[in-house]
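Presented below is the structure to which this report refers.
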Amino acid sequence: MQLQLQSKMEMKAWPSWPRRLNPNSLIVASPCASPQGNPNSIRPGRLLVLGTGFVGRHVAQRLLRDHPGWHVAGTCTSPAKQEQLRSLGIEAHLFQLHEEQEQHLEALEPLLRDATHLLISIPPATGLNLHQHLHLFLNHANANLNLQWLSYLSSTSVYGDCRGAWVDEHYPVNPRTQSAISRYEAEKGWTDFGLHLGLSTFIFRLGGIYGPGRSALDTLLKRKDLSENQKRRDSRDFYYTARVHVADISQTILSSIEKPHLGKIYNVVDDDPAPRAEVFAYARDLISRRYPEMTDNLNHLKLGDAQMIIGEKRVSNLRMKNELGVQLIYPSYKSGLQSILDSWSS
Ligand SMILES: NC(=O)c1ccc[n+]([C@@H]2O[C@H](COP(=O)([O-])OP(=O)(O)OC[C@H]3O[C@@H](n4cnc5c(N)ncnc54)[C@H](OP(=O)(O)O)[C@@H]3O)[C@@H](O)[C@H]2O)c1
């Protein structure tokens, strides 16, 4: 399936861009960009996060910490998480998407009526299109909403395997897996939902998310008991993949709240697309140097040579930098992993 989201643009395919000539680093000045951003420039509002997981919680905490006057409500699926969120100052509610939609959406109505900003972070599931149900429900309930900003967290997986090409937001999408197809459907659904409300929806296509508590370092430590079979590497480990530190996702989202009129699709990735095997080898090296006694318990990964890196894609973040003024805190997995390791020591 080859889906065209926006105008088709010719991309330079691998190996035209040498690995170190990364277009992500070519920042162009834009009249819209405010690179430093003003930490106090977001006028107070009421954010509702549907799916307050790893990213949603980070965004909520940043907003509450750095921008006085904000109120954050969020949903999760278990009472234990609800308690955790409440302890962070988030008005937490239980909400679980399943077949009996109508009854459960009623619970969302007062939250939606209250919200000025809506972040959707619940992964799409086959047959459960939250945007469709919400649309019908709100029409039926004749709800008046005060939303000023709408954002949906998607994934770079909607581009499919681009055989190592550099990919920007004009690149034709080609979702191959069921989850990527559902994500692309959800992107279109939330964009329509925004249009219905007179809003430009922000669609953030996130690379692989990592951060404190969820990184290659954590995986290596957790995986020391894997069987030989499980340790066997997949050839996809040598394909280019995009990733992004959760702190950079949060700053991108907060920056978009300052510029609600710029709502459209943004890739949110770092500057350094790299094969998974390379990232794990680096993480292993970091742990071994800091904690030599642990080396024998970690997985050994072999690095492929450059000839093997022909699959997946290198995702460009230029639009995010130029239009939203984002200056990455962690431009590479190297600085991101180092900061996580340093946080362990401290
Ligand atoms: N992981 C990645 O590398 C990656 C890459 C690109 C995009 N994404 C997507 O980006 C978004 C944010 O990622 P994340 O890492 O923050 O995700 P996450 O930690 O898994 O959080 C997802 C949130 O959605 C809630 N949720 C899951 N299934 C639900 C359902 N059926 N009904 C209601 N709520 C449900 C979860 O509830 P609980 O808190 O109760 O579990 C959680 O709050 C997600 O949609 C994710 O799929 C992830």
Worksheet item: Restricting attention to segment 195-208, which residues are surrounded by fewer than 20 Cβ atoms within 10 Å (Cβ to Cβ) and either among the polar types (S, T, N, Q) or in a strand (DSSP E or B) (or both)?
Response: Ser200, Gly208
Worksheet entry | Per-region count, segment 232-264, residues in contact (Cβ under 8 Å) with a residue 12 or more places away in the chain, surrounded by fewer than 21 Cβ atoms within 10 Å (Cβ to Cβ) and outside any helix (DSSP H, G or I) | 4
Worksheet, complete the sentence: Those residues of segment 154-193 which are out of contact with any Ser or Thr (no Cβ under 9 Å at 6 or more places or on another chain), open to solvent by 10 Å² or more (accessible area, probe 1.4 Å) and closer than 20 Å to Asp271 by Cβ amount to Cys162
Practice prompt. Quickly run through segment 265-279 and pick out the residues that are within 15 Å of the ligand (Cβ to nearest atom), farther than 16 Å from Gln327 by Cα and not in a strand (DSSP E or B).
Written response: Pro273, Arg276, Val279
Discussion item. What's the total number of residues in segment 67-102 that are modelled with pLDDT of 95 or more and acidic (Asp, Glu)?
Written reply: 2
Discussion item. Given the criterion modelled with pLDDT under 95 and open to solvent by 20 Å² or more (accessible area, probe 1.4 Å), identify the matching residue among Leu145, Leu105, Leu138.
Written reply: Leu145
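The values are calculated or read from the model by the stated rules, or taken from the named source; none is laboratory data. Remember, it's a predicted structure, so these values are computed and weren't measured experimentally. Cβ atoms come from the backbone with ideal geometry, glycine included; neighbour counts cover every protein chain shown. What goes into the accessible areas is simple: the full protein's heavy atoms, side chains included, and nothing from ligands, DNA or RNA. Shrake-Rupley method; radii C 1.70, N 1.55, O 1.52, S 1.80 Å.
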